[in-house]
Amino acid sequence: MSILLRLKTWLLGKPKPQHLRTGDIGEKAAKRHLKRKGLKFLMANFRTTRGEIDLVFQEKDCLVFVEVKARTSEEWGVRRPRSIGSVEDGSLVQPWITCAKSKILK
């Protein structure tokens, strides 16, 4: 490894994979959009052992949980693969309950 590449890696850290950079861009866009709509941003990337919530906002007395799906394809909406959990199996509900109960939101 060249000295210049080592220095760049040391200063900037290891670059993120493309899919993570795409996700970051999508989350920033969603956050900006919802803030413009008047929602109060509370936190991002709330993690539990059962899952993660990308964005958490508050609108009046309601908590708003946001799952962001950023796509690089032009064909979004043509075919929707099952890429997130469902309410039926509890994989979406459990992180929301944990987040709502956490001390952070009290």
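Just so it is clear, none of the values below were taken in a lab; they were calculated from the coordinates. Note that the structure is predicted; figures quoted are calculated from it, not measured. Here Cβ is always computed from backbone atoms with ideal geometry, including for glycine, and neighbour counts include all displayed protein chains.
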Item to complete: Provide 64, 56 in ascending order of the number of other Cβ atoms located within 10 Å of each residue's Cβ, fewest first.
Response: 64, 56
Fill in: Entries in 8/28; 16/60; 40/69; 8/40; 14/69 that, when Cα-Cα distance is taken, lie over 30 Å
16/60; 8/40
